[in-house]
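What follows is one structure encoded as structure tokens, with my remarks underneath.
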Ligand SMILES: [Zn+2]
């Protein structure tokens, strides 16, 4: 039996939780822009510092981390994102630990988002040539484990409650890279901005024009009239009534 989802409720506060600098722009750059244009306050949390995002050993790790923070802030600014929180976990070794769950619960209870956008935790590989980055899976898993049951249950992390951080339940969870998405956002009007935001991550692409060509192909779909449109797709979950 197919599950009927209610319409997307009013989304005033949105939290995007991703593994690396640049993941958010790939996953939901156009959606983030649409939400900010609709008046939502969109926040990013980037879990790792991106310190493996380079094959050039002449760049030092602190230099690389600084570059990636700068690039991520520039991309977020273009999309109207309010702020970016860098959690500073080591790139490549992200674990959905108890401590990370606590840190995420703190932010969720503090920001009280209606919607969280994260990475799908179960995608090991796609097709015959893409193995998903383990941090992407673990970022999704860490987020889900923070959302439920810890963020909404006062018995979890009583020290946070003592600080005045009351339990919080989100209304919506959207996961990108899901094998069977059930929610599509037409980002055609902001697709060029998504590209511009991705181009802010210049340190990540040996051939930035090749990246752009790939993105133009990867996100394109024909609508019923045969016109080219661009969509970001998610596995959407809805909570509460
Ligand atoms: Zn990534």
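Checked against (1) modelled with pLDDT under 95; (2) out of contact with any helix residue (DSSP H, G or I) (no Cβ under 6 Å at 6 or more places or on another chain), residue 54 passes all but condition (2).
Quick check, is residue 112 touching a helix residue (DSSP H, G or I) at 6+ places or on another chain (Cβ under 8 Å) and either at pLDDT below 95 or more than 25 Å from residue 190 (Cα to Cα) (or both)?
Values: touching a helix residue (DSSP H, G or I) at 6+ places or on another chain (Cβ under 8 Å): no; either at pLDDT below 95 or more than 25 Å from residue 190 (Cα to Cα) (or both): yes.
The answer is no for residue 112.
Evaluating residue 185 against the criteria (1) without any contact (Cβ under 8 Å) to a residue 12 or more places away in the chain; (2) farther than 16 Å from residue 100 by Cα; (3) within 19 Å of the chain's Cα centre (by Cα) leaves one unmet condition, (1).
If you go through the stretch 89-99 and keep only what is out of contact with any strand residue (DSSP E or B) (no Cβ under 7 Å at 6 or more places or on another chain) and within 28 Å of residue 155 (Cβ to Cβ), you end up with 95, 96, 97, 98, 99.
Can you confirm whether residue 161 is out of contact with any strand residue (DSSP E or B) (no Cβ under 9 Å at 6 or more places or on another chain) and touching a residue at least 40 places away in the same chain (Cβ under 8 Å)?
Values: out of contact with any strand residue (DSSP E or B) (no Cβ under 9 Å at 6 or more places or on another chain): yes; touching a residue at least 40 places away in the same chain (Cβ under 8 Å): no.
So residue 161 does not fit the description; no.
What number of residues in the stretch 30-66 are crowded, with 24+ Cβ neighbours inside 10 Å and touching a strand residue (DSSP E or B) at 6+ places or on another chain (Cβ under 8 Å)? Walk me through it before giving the result.
Of the stretch 30-66, the ones crowded, with 24+ Cβ neighbours inside 10 Å are 30-32, 35, 42, 44, 46-48, 50.
When the remaining residues are screened for being touching a strand residue (DSSP E or B) at 6+ places or on another chain (Cβ under 8 Å), the result is 30-32, 35, 42, 44, 46-48.
Selection size over the stretch 30-66: 9.
Confirm whether residue 5 is more than 15 Å from the ligand (Cβ to nearest atom), on the phi < 0 side of the Ramachandran plot and modelled with pLDDT under 95. Considered against the rule, which asks whether it is more than 15 Å from the ligand (Cβ to nearest atom), on the phi < 0 side of the Ramachandran plot and modelled with pLDDT under 95, residue 5 comes out as yes. Residue count for the stretch 18-46 satisfying the condition of being under 15 Å from the mean Cα position of the chain (by Cα), more than 16 Å from residue 232 (Cα to Cα) and either without any contact (Cβ under 8 Å) to a residue 24 or more places away in the chain or more than 10 Å from the ligand (Cβ to nearest atom) (or both): 5.
The values are calculated or read from the model by the stated rules, or taken from the named source; none is laboratory data. Keep in mind that what you see is a predicted model, and the values were worked out from it rather than measured. Neighbour counts are summed over all protein chains in view; Cβ atoms, including those assigned to glycine, are modelled from backbone coordinates with ideal geometry.
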